[in-house]
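Inspection log for the structure reproduced underneath, given as structure tokens.
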Amino acid sequence: MQYICVFEDSQYSQLIPLVHARATFELRCGLFTHLERIVKHYSHADVTLFCRNYLSDILHERYSYRINTLPKTDETCLFLNGRVILSAPIPIEGQEEIGIQDNTLVYARLKGKNINRLTPELFLTENPIKLLKSEIRVVDIHVPIISYFWDIVKYNKSQIEKDFALFVKEVSIHGKLDEGVYLMNKDQIFIGKGSRIKPCCVINAENGPVYIGNHVTIASNTTIEGPVYIGNHSVVQSNSKIRGGANIGETCKIGGEVVNTIFHSYSNKQHDGFFGDSYIGSWVNIGADTVTSNLLNTYGNVKVQIDGNTVNTNHMFLGMATGDHTKTAINTTIMTGSIFGFACNIATPTYPPKYLPSFTWYSGSDKKVYLLEKALQVAKTVMKRRDKEMTQTEEQLFRMIFQLTEKERNSAQSI
């Protein structure tokens, strides 16, 4: 038996609010989440997940993997950082060694007593490199590492292409193409079973592949320009423009113009409005004609607010990030580099601030806390509309996030 352990490390906080309700290795980039990609590389391995303690119950509900407990074995275990995009497998077998990039532990191949020296708490609170490097061979490695949400935006488009080349072994059209559908560079287009492409759609894979999953509906007069990923059971509305880097997770409803933007799953942006170079969490609803700016008029680098500090992203093109269960009203205009937290409600005729902490109810000049019970009831209602019942574990997590983000809301008062 071969063993791998995918871990979160202390840098997870830089990916808040996207990781309030998920581990870092559950973020989407390319055709998969980091974890899905790793499991594909190591399809026969025994998998352990190391995560923040408050996420352990929800991960037990989502996966059959071992959580926060290593197996008792004398075999080698390969520890893999969940913030890494792994496009080529690192061998499990071999001598003990650690792979490091810019003082980040990318992987550790360990045996015997060294396996048990690593715990979830150690990864989350300390630097395991200090513990290991005096005894274990150190290897320099270069791989994409996700430190901030704009790193996902940076790598997303090229990762769609890499994943398509690596994992889509049979490029074929399984779904139904209505009369008047036009495919360009058909050899780079995959359409899954039960999907339907309605009349007068153009799917153009000349600049990158297009992957459309199972039971997807693409409504009439839509243009899709690769590289693009559209997940199972999603709907793209009529007259949409889905451009390079659009990454639509499962069971989303998307309309308008989207470029290089990730929608995690179960999110709605059904109407007109531009979204570019952004990451949208799950169960988000975007009101009609909501737009994001992804380019400053000065053509300068976009700056964002992280933990109360202004950070230069060194990106000219960057939209926004929002946590799960956030909603915007119609005609919301979102500035470049905006970050909205978990379960925010935004209804304003003016620009909302570039940073809104989790559970914020924002209406123009009035900013107050979105009451937990009210936010929770809305979330349950939204989920029922998709034939999903919020589980007890999901509700406990929702309540826990409210508690964990109290400091976030208090510190935001001074920003």
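The values are calculated or read from the model by the stated rules, or taken from the named source; none is laboratory data. Just so it is clear, the model here is predicted, and its values are computed rather than measured. Neighbour counts run over all protein chains shown; Cβ positions are idealised from the backbone, glycine included.
Within the stretch 201-217, work out how many residues are farther than 14 Å from Tyr229 by Cα and surrounded by fewer than 17 Cβ atoms within 10 Å (Cβ to Cβ). Even if it seems obvious, please write down each step before you answer.
Keep residues of the stretch 201-217 that are farther than 14 Å from Tyr229 by Cα, which gives 201-202, 206.
Now narrow it down to the ones that are surrounded by fewer than 17 Cβ atoms within 10 Å (Cβ to Cβ): 202, 206.
Final tally of qualifying residues: 2.
Which condition breaks for Pro120 when tested against (1) surrounded by fewer than 19 Cβ atoms within 10 Å (Cβ to Cβ); (2) touching an Asp or Glu at 6+ places or on another chain (Cβ under 9 Å); (3) of a type outside the set (A, V, I, L, M, F, W, C)?
In the conditions (1) surrounded by fewer than 19 Cβ atoms within 10 Å (Cβ to Cβ); (2) touching an Asp or Glu at 6+ places or on another chain (Cβ under 9 Å); (3) of a type outside the set (A, V, I, L, M, F, W, C), Pro120 misses (1) alone.
Need pairs with beta-carbon distance below 6 Å; first residue farther than 23 Å from Pro144 by Cβ and within the stretch 104-133, second part of a strand (DSSP E or B); sequence gap 6+ or separate chains.
Leu110/Cys77; Ile115/Cys77; Pro120/Phe50
What number goes with the only condition from (1) under 30 Å from Ala321 (Cα atoms); (2) surrounded by fewer than 17 Cβ atoms within 10 Å (Cβ to Cβ); (3) in contact with a Cys (Cβ under 8 Å, 6 or more places away or on another chain) that Gly180 does not pass?
Just one mismatch for Gly180, condition (1).
Looking at Arg399, is it outside the structural domain of Thr328 (by TED's automatic domain parsing), among the basic types (Lys, Arg), more than 22 Å from Arg62 (Cβ to Cβ) and part of a helix (DSSP H, G or I)?
On the way: outside the structural domain of Thr328 (by TED's automatic domain parsing): yes; among the basic types (Lys, Arg): yes; more than 22 Å from Arg62 (Cβ to Cβ): no; part of a helix (DSSP H, G or I): yes.
It is false that Arg399 is outside the structural domain of Thr328 (by TED's automatic domain parsing), among the basic types (Lys, Arg), more than 22 Å from Arg62 (Cβ to Cβ) and part of a helix (DSSP H, G or I).
For the stretch 216-226, check the following and say yes or no: at least one residue is over 30 Å from Glu179 (Cβ atoms), modelled with pLDDT of 95 or more, of a type in the set (Ser, Thr, Tyr) and outside the structural domain of Ala23 (by TED's automatic domain parsing). Quick ask: steps written out before the conclusion?
Restricting attention to the stretch 216-226, the residues satisfying the condition of being over 30 Å from Glu179 (Cβ atoms) are none.
No, there is no match, as no residue in the stretch 216-226 is over 30 Å from Glu179 (Cβ atoms), modelled with pLDDT of 95 or more, of a type in the set (Ser, Thr, Tyr) and outside the structural domain of Ala23 (by TED's automatic domain parsing).
List pairs: first in the stretch 165-190 and without any contact (Cβ under 8 Å) to a residue 40 or more places away in the chain, second exposed (fewer than 14 other Cβ atoms within 10 Å of the Cβ) and of a type in the set (Ser, Thr, Tyr), Cβ under 8 Å, 6+ apart or cross-chain?
Phe190/Ser172
For the stretch 222-268, which fully contained strands (runs of 3 or more DSSP E) count at least 2 residues that are touching a residue at least 40 places away in the same chain (Cβ under 8 Å) and surrounded by 23 or more Cβ atoms within 10 Å (Cβ to Cβ)?
On the way: elements: 223-225, 228-230, 257-259.
Those strands (runs of 3 or more DSSP E) span 228-230.
Which of the residues belonging to the stretch 321-345 are in contact (Cβ under 8 Å) with a residue 60 or more places away in the chain and surrounded by fewer than 23 Cβ atoms within 10 Å (Cβ to Cβ)?
Result: Ile339, single match.
Give Ser43, Ser64, Ser13 a once-over and let me know the one that is in a helix (DSSP H, G or I), surrounded by fewer than 20 Cβ atoms within 10 Å (Cβ to Cβ), out of contact with any Ser or Thr (no Cβ under 6 Å at 6 or more places or on another chain) and not assigned by TED's automatic domain parsing to the domain that holds Phe164.
Values: Ser43 fails: in a helix (DSSP H, G or I); Ser64 fails: in a helix (DSSP H, G or I).
Checking each option against the conditions leaves just Ser13.
Please pick out the residue among Phe79, Phe25 that is outside any loop (DSSP other than H, G, I, E, B) and touching a Cys at 6+ places or on another chain (Cβ under 6 Å).
Just one listed residue meets the conditions, Phe79.
Given the options Thr310, Thr298, name the one that is in a loop (DSSP other than H, G, I, E, B), over 26 Å from Thr33 (Cα atoms) and without any contact (Cβ under 8 Å) to a residue 12 or more places away in the chain. Spell out how you get there, then give the answer.
On the way: Thr310 fails: in a loop (DSSP other than H, G, I, E, B).
Within the list Thr310, Thr298, the selection yields Thr298.
For Thr73, state whether it is modelled with pLDDT under 90 and more than 13 Å from Val6 (Cβ to Cβ).
Working: modelled with pLDDT under 90: yes; more than 13 Å from Val6 (Cβ to Cβ): yes.
Against the criterion (modelled with pLDDT under 90 and more than 13 Å from Val6 (Cβ to Cβ)), Thr73 qualifies.
For Pro352, only one of the following conditions fails: (1) of a type outside the set (Val, Ile, Thr); (2) more than 25 Å from Ile146 (Cα to Cα); (3) in contact with a Gly (Cβ under 8 Å, 6 or more places away or on another chain). What is its number?
(3)
Among residues belonging to the stretch 346-365 that are out of contact with any strand residue (DSSP E or B) (no Cβ under 6 Å at 6 or more places or on another chain) and closer than 20 Å to Asp289 by Cα, point out the one that is surrounded by the most Cβ atoms within 10 Å (Cβ to Cβ).
In this case the residue turns out to be Pro353.
Find the residue count for the stretch 183-200, including only residues that are crowded, with 19+ Cβ neighbours inside 10 Å and closer than 16 Å to Ala219 by Cβ.
4
Report those strands (runs of 3 or more DSSP E) wholly inside the stretch 103-202 carrying at least 3 residues which are among the hydrophobic types (A, V, I, L, M, F, W, C), touching a strand residue (DSSP E or B) at 6+ places or on another chain (Cβ under 7 Å) and in the same structural domain as Glu93 (by TED's automatic domain parsing). Break it down into steps so the answer makes sense when it comes.
Working: elements: 104-110, 137-140, 182-184, 189-191.
The strands (runs of 3 or more DSSP E) meeting that bar are 104-110.
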